[in-house]
Amino acid sequence: MLLFYISLVCLVQSSFSVELSIYKSFTEVHQVCYGIGEHALQFTNADYGNIIDESISWIGTPLLRQEIYSTIQSLQNAKVIVRRSTVCGCETIEAKIVDPDSMLLQNVNTGAYFYADKQSIEYSSVRPNEGRTTLALRFETENTQYNGTLSYLMKGITWKPTYDLLLRGENDCKLVAFANIKNDQQSEYTVEMTHLLGGDVPLATGYSNPSHALEFDKKPTNLRPIQLDGEQKGVYSYSLNDKYTLRPSSSIRLPFIDIIAKYKFYYKASASISAGTYQGVFERIYDLTPDHFMPAGTVTIHDNQVLVGQVALPDVPENYTQTFAVGQDNDVRYTIKGNLTAKSDDKAPKSFETYNIDVNVMNFKGKKIDTQLVFQAGIQIILLESTCKSVNVQGNQLNMLVQLNQNERRSCKLNATVQFN
């Protein structure tokens, strides 16, 4: 799971400092609040719908109560002026709002109830603000000076790294990393300081409030925009000092840290040991070893300026070799013919089968390639005889490495016993 930590100033509440801790699927918001009397924060209904239930908390000056209500309900009993639907539109009625949702009104002079079109209403005592939800913090008195941090969890802002793997030749490898920040909220933020974190940060089933004490060393950076700050128990911290605007329903792509990687390419196919004849195609396999921790993300592979494909990788530790497959290559094929030569009796304490296997690996390319054919069966494979080179058995897997020259076909035989219990 990935975490993104960001310090920013919200344009709507420009006097408050806001911190966002953005995980893979949710965001923790920390907002420092101070003032006198009551603190109220308004959300659009869409933004408030992204807040996780019962995750709102306040740490600071003791609360008298916390209220959440639809802002339109604040219009109840508000005095309004209604213009009649006449030719001149000059006749008006003084009324008060009985039900803000349906706009049921009561005539102040006659006491009669009626419905009115929202466009025909003039608000004389309050300002209408439809489609919003208000979070209100009320303290002991109207003169109470308050100070504290408002926190809640929400969905709607995420981040994810992406990588371009550019390959040229066997040893020429360049890995270009980007940080992609996405804002699905209707609010706009001016970002002053950004911290990106990568690693596994789980939550317990239901809601469990994460730590409110996320602190990081603020190191100056004069090179790339995003710099690695350090690691704490498997969570990696990155910092961005550049100021930018995160607009509503938008995304931003920023250059991420420099990662130097090594790679190895070969072809690999998996097969079973059984009676009969079958054939298959080898997959393109890449072994990637980065010199820095790589947060989970999508890797796009270009081999000699040709797009080979994309793959989603998990978190990759420093100097760890991550293996991934990117599609098949129909120029590299195999055929296998299995012949059952012996089998255990049904009443035998141990069940086994013995096979003679003919293997044929084909390279239709005009260049030299490396292949790996993996047989898997039962709980244990015992190799009895082999004319194949570079064959080894590990438990229930038999691995055969075959190096083929251009347009070469190579055949060999295996005699193996498969144990099932």
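Before moving on, here are some points about what is shown:
- Residue match in region 293-306 (condition: outside the structural domain of residue 409 (by the TED database), surrounded by fewer than 16 Cβ atoms within 10 Å (Cβ to Cβ) and either under 19 Å from residue 397 (Cα atoms) or hydrophobic (A, V, I, L, M, F, W, C) (or both)): yes
- Long-range neighbours under 8 Å by Cβ, at least six apart or interchain, first residue more than 24 Å from residue 146 (Cα to Cα) within region 39-65, second of a type in the set (Asp, Glu): 50/184
- All of 208, 239 fail the test of being among the small types (Gly, Ala, Ser), at pLDDT below 90 and open to solvent by less than 30 Å² (accessible area, probe 1.4 Å), apart from 239.
- Any chance residue 200 is outside the structural domain of residue 341 (by the TED database), farther than 30 Å from residue 404 by Cα and either open to solvent by less than 30 Å² (accessible area, probe 1.4 Å) or at pLDDT 80 or above (or both): no
- Taking strands (runs of 3 or more DSSP E) as the structural unit, those lying wholly within region 113-196 and holding at least 1 residues that are of a type outside the set (A, V, I, L, M, F, W, C), in contact with a helix residue (DSSP H, G or I) (Cβ under 9 Å, 6 or more places away or on another chain) and open to solvent by less than 30 Å² (accessible area, probe 1.4 Å) correspond to 132-138.
- Within region 252-273, the set of residues being small (Gly, Ala, Ser) and surrounded by 15 or more Cβ atoms within 10 Å (Cβ to Cβ) comprises 261, 269, 271.
- Hits in region 403-421 (condition: outside any strand (DSSP E or B) and loosely packed, with under 15 Cβ neighbours inside 10 Å): 405, 406, 407, 420, 421
- Matching option when the condition is touching a residue at least 12 places away in the same chain (Cβ under 8 Å) and crowded, with 17+ Cβ neighbours inside 10 Å, among 23, 69, 34: 23
- Pairs where the first residue, in region 252-272, is of a type in the set (Gly, Ala, Ser) and the second is outside any strand (DSSP E or B), C-beta under 8 Å, 6+ apart: 261/291; 272/377
- Residue that is at pLDDT 90 or above, more than 25 Å from the chain's Cα centre (by Cα), over 30 Å from residue 339 (Cα atoms) and in a strand (DSSP E or B), where the choices are 268, 262: 262
- Just one of (1) more than 30 Å from residue 195 (Cβ to Cβ); (2) out of contact with any Gly (no Cβ under 7 Å at 6 or more places or on another chain); (3) modelled with pLDDT of 85 or more fails for residue 131. It is (3).
The values are calculated or read from the model by the stated rules, or taken from the named source; none is laboratory data. Keep in mind that this is a model prediction, so the values were computed, not measured. As a convention, Cβ positions derive from the backbone with ideal geometry for all residues, glycine included, and neighbour counts pool all protein chains shown. Heavy atoms of the whole protein, side chains included, go into the accessibility calculation; ligands, DNA and RNA do not. Shrake-Rupley method; radii C 1.70, N 1.55, O 1.52, S 1.80 Å.
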